[in-house]
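The values are calculated or read from the model by the stated rules, or taken from the named source; none is laboratory data. On a predicted model such as this, the values are computed, not experimentally measured, just so you know. With ideal geometry, Cβ positions are generated from the backbone for all residues, glycine too; neighbour counts draw on all protein chains shown. Ligands, DNA and RNA are stripped out before the accessible areas are found, and what is left, the full protein with its side chains, is counted by its heavy atoms. Shrake-Rupley method; radii C 1.70, N 1.55, O 1.52, S 1.80 Å.
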Amino acid sequence: HSLRRPVVKTVTSVRDLAMVNIEGNGMVGIPDVASRSLEALAREDVEVMMISQSSSEHNICIVIKAGDADRALQALRKELALELQRDLVEDVELSGNVATISIIGAGMRGTPGISGKFFEALGKCRINVLAIAQGSSELNISAAIREQDYRHAVQAVHSAFGLTRDVNIFLFGCGNIGRTLLRQIHENRRQLARTLQINLKVLGVANSR
């Protein structure tokens, strides 16, 4: 089934981002904080890469390009100045060095367990998720993470959904058998890549010394 119609078709990531966090207990029940925030950013030509709002309405996370971060922070603090003054909004905080990772695929629609598998793959690599966004079409799930984790995140998610055929090899022992194995890998890896779509990578060799 997975060969006929892959559930997740691709994994994408975007780097050089920042995240603005708007937080406050007084935001609960105020319907226009999100819309006003987005309008304030639009007036400054700040592109919103991702937005996430908790169901409690206590928190809004907006991911933007790092180059727009200072301008965005100033625009939001100006727009929400009255709410900040009245403590309806407790803080508008900026976090740098953020990236996003997304899984995309038409097969995700109506398929249970996809988000669980996605976040399990990140969790196994001890990658902290800062914010989550999923479209109602179920074709895309995105997560904001620390930029330093993006490479491991992409590799982990690729592996979790079978989107990579890389096989990483660490060889302990390089006697006659080890040397023969390394020679076979070297001589046959192009054929394996062509016929089985498996890419063998020798990442380390060690002996008792």
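Summary of values
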read-out: Complete set of residues in the range 155-209 that are of a type in the set (Gly, Ala, Ser) and at pLDDT below 75; value: ALA193
read-out: Of the criteria (1) under 21 Å from the mean Cα position of the chain (by Cα); (2) surrounded by 16 or more Cβ atoms within 10 Å (Cβ to Cβ); (3) under 24 Å from SER136 (Cβ atoms), which one GLU47 fails; value: (2)
read-out: Inter-residue pairs, beta-carbon under 8 Å, first farther than 15 Å from VAL92 by Cβ and in the range 48-67, second in a strand (DSSP E or B) and of a type in the set (Ser, Thr, Tyr), 6+ apart; value: MET49/THR100; MET50/THR100; MET50/SER142
read-out: Entirely in the range 8-115, the strands (runs of 3 or more DSSP E) that have 3 or more residues that are among the hydroxyl-bearing types (Ser, Thr, Tyr); value: 10-23, 91-104
read-out: Qualifying residue in the range 16-36 (condition: surrounded by 18 or more Cβ atoms within 10 Å (Cβ to Cβ), free of Cβ contacts under 8 Å to residues at least 60 places away in the same chain and more than 18 Å from VAL129 (Cβ to Cβ)); value: yes
read-out: Hey, GLU120 charged (D, E, K, R), modelled with pLDDT of 90 or more and open to solvent by less than 40 Å² (accessible area, probe 1.4 Å) or not; value: no
read-out: Any chance GLN155 is under 19 Å from ASN128 (Cβ atoms), open to solvent by 90 Å² or more (accessible area, probe 1.4 Å) and either of a type in the set (Phe, Trp, Tyr) or touching a residue at least 12 places away in the same chain (Cβ under 8 Å) (or both); value: no
read-out: Breaking point among (1) closer than 23 Å to CYS61 by Cα; (2) among the aliphatic types (A, V, I, L, M); (3) free of Cβ contacts under 8 Å to residues at least 60 places away in the same chain, for ILE103; value: (3)
read-out: Condition met for ASP87 (farther than 14 Å from LEU130 by Cα and buried (at least 19 other Cβ atoms within 10 Å of the Cβ)); value: no
read-out: Unique residue being open to solvent by less than 40 Å² (accessible area, probe 1.4 Å) and in contact with a helix residue (DSSP H, G or I) (Cβ under 6 Å, 6 or more places away or on another chain) when the list is ALA160, ALA133, ALA143; value: ALA160
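Rundown of residues vs (1) of a type in the set (A, V, I, L, M); (2) closer than 27 Å to VAL20 by Cα; (3) touching a Leu at 6+ places or on another chain (Cβ under 9 Å), yes/no style:
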position: ALA106; (1), (2), (3): yes, no, yes
position: THR111; (1), (2), (3): no, no, no
position: GLU120; (1), (2), (3): no, yes, no
position: ALA131; (1), (2), (3): yes, yes, no
position: ASN140; (1), (2), (3): no, yes, no
position: ALA143; (1), (2), (3): yes, yes, yes
position: ASP149; (1), (2), (3): no, yes, yes
position: LEU181; (1), (2), (3): yes, no, yes
position: ASN207; (1), (2), (3): no, no, no
